[in-house]
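Here is the structure we will look at, set down as structure tokens.
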Amino acid sequence: MSTAVPMITPTYTDVTAVGGVWQIAQINLPGTPRGAVILLCEPDGLGDQSVELMNRLAEHGYESLAANVTATDPELLGDDRALAVLRAFVAHLGARGWREEQIGVVGYGFGGRIALRAAADLDLGAAISVSPVGMTRGNCVRPALLHAARPVSTPWLGMFGADDEAAPAEAVRLLAERLTDPSPAYTQLVTYPGVDGDFFRESADALGHAAMFDSWQRIIEWFNLRVVPRSSPYAEIWSLKEAMSD
């Protein structure tokens, strides 16, 4: 008989930014967490999937903050405004003592687009874009991501489905060229064969399941390698003693 794995229930609060109020879900951990992650959700908002992802991050020692950045005026939300909202989330985590290099961001869909923008504009520990929208087609407030992307200062991982019509192979290749050599930070782009843009969701299809499993493993590995761990209280005391003895 299988036993259900206990889940941490997030706390919910609001963050005010750029003239709007944004609901966030948050899981704070006791002791000395490994790091903090901002999870930019799909338009389904703060539902069961984001709560599951937050609990899976907690298994690896990460506190998390989840939000749907398209919750207010999704058709009018430009990159600059969404990035300002993300900065407010970073500041919210800063109130818990997290520095930028101790914070990672992973975004899905439009959140993935903003995660790439954050990698160029902020100095976070790590950034990940999963199926970012608008690769080749923009609108009145959002240019095509392929042309809007700039070199990144935060290590960035992008993941795509090979059968995603919104992210054709040539566009992904050109995005890699635009970012890889000019960027001072490390970048990597991964394309999964035989799957569309929803490859990160659970699937009964063998290729879909493999892509979902591998993409999550890459997310954790990317954060573990690049998000700077928070020092334990004893380590901080030791560092202070060393500084005073110099």
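A few comments on the model shown:
- Working note: 222 nm ellipticity from helices only, DSSP H runs with n ≥ 4, each -39,500 (n - 2.57), summed and divided by the residues of the chain, gives -11500 deg cm²/dmol to the nearest 500.
- The chain - convex hull of alpha carbons, volume per residue in Å³: 139
- Fluctuation leader among Thr13, Thr187, Thr154 - the chain, Gaussian network, Cα springs under 10 angstrom: Thr13
- Solvent-accessible area assigned to carbon and sulfur over the chain amounts to 55 percent, based on a 1.4 Å probe.
- The three principal axes of the Cα atoms in the stretch 61-193 give end-to-end lengths of 42, 33, 25 Å, sorted in falling order.
- To the nearest ten degrees, helix 206-226 and the longest principal axis of the Cα atoms of the chain are 40 degrees apart.
- Between the helical axis of 48-59 and the longest alpha-carbon principal axis of the chain there is an angle of about 40 degrees.
- GNM top mover of Met212, Met135, Met159 - the chain, alpha-carbon springs below 10 Å: Met212
- Taking only the Cα atoms of the stretch 151-222, the radius of gyration and Dmax are 12.8, 40 Å.
- Share of pairwise Cα separations in the stretch 128-184, more than 13 Å, in percent: 59
- The stretch 92-194: trypsin sites (Lys or Arg not before Pro) falling in loop per DSSP and having at most 16 other Cβ within 10 Å: Arg96, Arg99, Arg137
- Estimated FRET transfer efficiency when R0 is 45 angstrom, pair Thr16-Ala210 (beta carbons, to 0.05): 0.60
- Cα→Cβ-extended label distance, 7 Å offset, between Val190 and Asn28, nm: 3.2
- Antiparallel beta bridges, as assigned by DSSP with both residues in the chain, represent about 30 percent of the total such bridges.
- Exposed loop sites, defined as GluC sites (Glu not before Pro) outside DSSP H, G, I, E and B with at most 15 other Cβ atoms within 10 Å, are absent from the longest region of the chain, namely 76-164.
The values are calculated or read from the model by the stated rules, or taken from the named source; none is laboratory data. It should be emphasised that the depicted structure is a prediction, and the values quoted were computed from it without experimental measurement. Every residue, glycine as well, gets a Cβ built from its backbone with ideal geometry; the counts of neighbours run over all protein chains shown. These accessible areas exclude ligands, DNA and RNA; they are computed on the full protein's heavy atoms, side chains included. Shrake-Rupley method; radii C 1.70, N 1.55, O 1.52, S 1.80 Å.
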